[in-house]
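Any read-out appearing in this document is the output of simple, stated calculations on the displayed coordinates, not a laboratory observation. Because the structure is predicted, anything quoted here is derived from the model rather than measured. Because the Cβ atoms are built from the backbone with ideal geometry, glycine has one as well, and the counts that use them run over all protein chains shown.
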Amino acid sequence: MPPMTTFTAHTTVRFATEADLGNLARLCVLDSTPALSFPVLVAESDDVVVAAVSLADGRAAADPFRPTADVLTLLRVRADQLASERATVRRRLRARFSPAAA
């Protein structure tokens, strides 16, 4: 039998905004972790923020009263994708604008 996922079809991953500060503070208190550094990715399940990952340092906070292991994995995979995309853009810009390319 395949492992069951803990997030619903209604889970959304997005960047946190100022409007999420209260939700992030709630998660950090519930998870007993210091405030997360922005930029932050959040996962919403049924319109409730259940987990978050800082793109600045990789720290996470999640609601300990919900099954969030799979949601955190999803957030970390997306964070890795974004980091890889940023690195590719940096390499292309360096190659294009380096003195050796002129």
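Can you give the net charge of the other residues whose Cβ lies under 9 Å from the Cβ of S37, counting K and R as +1 and D and E as -1? Around S37, the charge tally is 0. In percent, rounded to a whole number, the relative contact order of the chain is 24, using alpha-carbon pairs under 8 Å and six or more apart. Residues whose amide H lies under 5 Å from that of V40, counting only those 5 or more places away or on a different chain, are A16, L55; hydrogens are built 1.01 Å from N in the peptide plane. Recomputing semi-axes √(5λ) of the Cα gyration tensor in Å from the coordinates shown identifies the correct label among [x] 31, 13, 11; [y] 23, 17, 13; [z] 31, 17, 11 as [z].
Computed extension gain for S84 through S98, at 0.36 nm per residue and net of the alpha carbon distance, reaches 3.0 nm. Couplings for the stretch 60-72, taken from phi via the Karplus curve 6.51 cos²θ - 1.76 cosθ + 1.60 with θ = phi - 60°, read 10, 9, 8, 6, x, 9, 10, x, 10, 4, 5, 5, 4 Hz in order; Gly and Pro are left as x.
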